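Step one of this worksheet: look at the structure below.
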Amino acid sequence: MHTIPSPPALARPLSDALGIADGQPVPAAALRDAASRVPVPPVGVRAVWDGVDAGTASALLKDADAELTRDAPVLRASDWARTFRDGVRTAYEDRARALRARTALFVLAAVLADESAPAGAPPGAAPYLDAAADGLMAFAEASTWCWAPHDRHTAGRGEVVPDPADPFLDLGAAEVAALFAWSDHVLGDRLDERVPGLRRRLRYEVRQRVSTPFLRVRDWHWIGLDGDAHNWNPWIHSAVLAAALLLTDDDAERAELVTLVVRGLDHFVAVLPDDGGVDEGVAYWWQGACRLLESLDLLAAVGGPSLDARGLPVLAELLRYPHRMHWGGPWYVNVGDAPARPAAEQPWHVLFHWGLRLGDPAVTAHATARARARGVAAHQDDGLGRALDGLSAPDWQAALAAPPAARTTWLARDVWLPRVELLVARERAGRTEGLALAVKGGHNAERHNHLDVGSYWVALDGTPVVVDIGQPTYTAASFGPDRYQAWPLRSGWHNVPDPGAEQQPGEHHGAHGARADIGEHATAWTADLAPAYPEGLLARWRRTVRLVRQVGAEPAYVLVEDEPHEAPGAVRLHHVVAGHVLLTDGSARIDAGAGRTLRLTWDPRHLTATTEVRTLDDPLLHHSWGHRLTRLTLHTAAAPRVPLRLRIERATEA
């Protein structure tokens, strides 16, 4: 039976750190008039909003002007029902996401332009404010905020339309609640003046769809009462927290909501590994770990020292995960459903502020560099609260405007995260030039899991060439029993062996004895992969993946060594590569463009090679890899009796 070591117990849970253990609630007095202590000021504080970087403000207003010329997305019952009819969930979710982003953009524009107009003023008096109100009302009048695949109530009734009287609290509902909360907070009296009654409607809808279900139902699956707390936990709790602080007028109810948020977040904090590893991958770090950090910031801001739990020891390691997964440029090690090129529109200011608070220059340097590469200093796709927070933080704005300081590196030579069994190694610390390697162990019941135990990546000059495909567009089947019918999730399309069968799902199908050996001249990852396959198929399959650094004239290389024991027959070794492949006897050249070319070599007496080109029509996969990927497969003619070795190095010859 395969097991991953459980995270050691934290020094104290979140509720203990806040002094509300043993059933004690957050004192109502600590939260009274909470909105006045939120770091984001309302629109009338012009010293802040007029001080936003001129280039950023101009870009956002230009985007808003262009959006005013377009029709608003319409939320349609037929799109929502497609989840149940043909499994397509994006038809509705893309429209809902676009409407949220559009509404958030108009809120930002109304704030930056300092718009105001009385209720009786003619159309055009406050175009951004009116458009923001239209978006908010469109959501207020929608039958549901829940995304259809999540709505277990509708599925249980056997229907294809939601019941407004039976709301389901999911990520979609959380996103709209947060949009309402931050819109109300920042535009406040401007909405009262221009659209009297709208703020009362916002509060009513959030109470019906989010606050009341959260208070009444205390066994939501995403809370993690069974120990399976994942990104949904802090994602939804952070929205409930914002709604409690910004939209809840009753002191006792506000305190009850915040107390339950803290106790709910405890379940997420309890499963955080002490090494800061995240098995959901770097893209979900922003929706899980980062949402936790934002919630802790908000609690500390409104409650002062009595509600400041930002000193939990695990948080310092958690902060380092994003830059530890960075290859270079837009590229990251993409475990699980994470894309290799995550969206650049992330709340980098959160990392920056936490790096400052904890005195970690690598965290702040990575955040600042990636935000500068993004271009615009805030974007509504981050979520309205995140955009407002970044725009209104003068130290963050100043950091982005300042000339880059002396280089602070965040690229460590070696990173080993034993709890998730993930190794990242490069030729030299602080440099993207040369070879870099990542290898993962773990098991096949991880969150957002792919069947990829023992898979590895090889990057050249900061760009992955031997790659992980990443997440395809989600469908209704993406999180059900048919999940692994999607080809990018199967082991046959990961860089793992095929000993006559693919890897199997389940926690007991995982790496055994994974370890890292880190040295000056070489860093290696080793594990037995046999348990990842059907029981009884293999006695043992020892895989060692080693990065050997340059010594003298001998160039750096990656060596992959597979040692099957009692394989039942011929085996195949799969490698998914990004680039043009040229095969010769015993070798392959992978031309990844921009002068990046890898040479792969093997013993032709034991292995022969074939290639298969896969055209990519999925928009998410196309974003990372372009039009195609190639699977290079090495075959044995019979059950192997010797170790199988593959050497990967930079190609130098023409």
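Before moving on, here are some points about what is shown:
- With the charge dipole of the chain set up from +1 on Lys and Arg Cβ and -1 on Asp and Glu Cβ about the Cα centre, the Cα lying farthest toward the positive end among the listed residues Leu198, Leu318, Ala567 is that of Ala567.
- Virtual spin-label span in nm between Asp250 and Glu554, 7 Å along Cα→Cβ: 7.4 nm
- A value for Rg/Rh (Cα atoms, Kirkwood Rh) was derived from the coordinates, and within the list [x] 1.03; [y] 0.99; [z] 1.10 it appears as [y].
- For the peptides 467-479, 608-620, 56-68, 384-396, the ranking by packing is 384-396, 467-479, 56-68, 608-620, with the highest mean count of neighbouring Cβ atoms within 10 Å listed first.
- Put a plus charge on the Cβ of each Lys and Arg, a minus charge on the Cβ of each Asp and Glu, and nothing anywhere else: the dipole of the chain about its Cα centre is then about 1160 debye.
- Lys, Arg +1 and Asp, Glu -1 on Cβ, resulting dipole of the stretch 38-217 about Cα centre, debye, nearest 20: 500 debye
- Tilt relative to the chain, helix 361-374 - C-alpha long axis, 0 to 90 degrees, to 10: 80 degrees
- Other residues lying with their Cβ under 10 Å from the Cβ of Arg431 contribute a combined charge of 0, Lys and Arg counting +1, Asp and Glu -1.
- Electrostatic bookkeeping for Asn449 treats Lys and Arg as +1 and Asp and Glu as -1; over the other residues with beta carbon under 13 Å from its beta carbon, the sum is -4.
- Note on Asp414 and Asp517: their simple-model spin labels are 1.1 nm apart, each label 7 Å out from Cα toward Cβ.
- Once divided by 2.2 N^0.38 Å, the Cα radius of gyration of the stretch 182-245 becomes 1.38.
- Around Arg374: net Lys/Arg minus Asp/Glu count, Cβ-Cβ under 12 Å: -1
- Cβ-based exposure ranking for Trp222, Trp602, Trp182, in which fewest neighbours within 10 Å come first: Trp602, Trp222, Trp182
- Linear extension gain, Arg372 paired with Thr212, 0.36 nm per residue minus alpha-carbon span: 53.5 nm
- 3J(HN,Hα) couplings calculated from phi for the stretch 311-327 with the Karplus curve 6.51 cos²θ - 1.76 cosθ + 1.60 (θ = phi - 60°) are, in sequence order, x, 4, x, 5, 5, 4, 6, 4, 4, 7, 4, x, 6, 5, 8, 7, 7 Hz; Gly and Pro show x.
- Cα pair distances in the stretch 458-540, grouped into 10 Å bins until the bin that holds the longest one, percent each: 15, 35, 35, 14, 1
- Counting 0.36 nm for each residue step from Ala138 to Arg37 and taking away their Cα separation leaves a gain of 33.4 nm.
- Nearest-ten-degree value, helix 348-358 long axis tilted from longest Cα axis of the chain: 80 degrees
- Counting only alpha carbon atoms, the long axis of helix 251-270 and the longest principal axis of the chain meet at about 0°.
- Potential lengthening between His580 and Ala66 on full extension [0.36 nm per residue; Cα-Cα distance subtracted]: 181.1 nm
- Translational diffusion of the stretch 495-580 was estimated from the Stokes-Einstein equation, with Rh taken as the Kirkwood radius over Cα pairs; at 25 °C and 0.890 mPa s the coefficient is 171 µm²/s.
- Anisotropy class assigned to the stretch 414-650 is rounded, per the alpha carbon gyration tensor with a/c under the 1.5 cut-off.
- The simple spin-label model puts a point 7 Å past each Cα toward its Cβ; for Ala429 and Ala477 those points are separated by 4.8 nm.
- The trypsin sites (Lys or Arg not before Pro) found in the stretch 217-287 that occupy coil by DSSP, while having at most 14 further C-beta atoms within 10 Å, are Arg218.
- Highest-first packing order for the peptide set 202-210, 292-300 is 292-300, 202-210, based on the mean count of other beta carbon atoms within 10 Å.
Bear in mind these aren't lab numbers, they're just calculated from the coordinates by the rules spelled out. Keep in mind it's a predicted model, so treat the numbers as computed, not measured. Cβ coordinates were reconstructed from backbone atoms using ideal geometry, including for glycine residues, and neighbour counts include every protein chain displayed.
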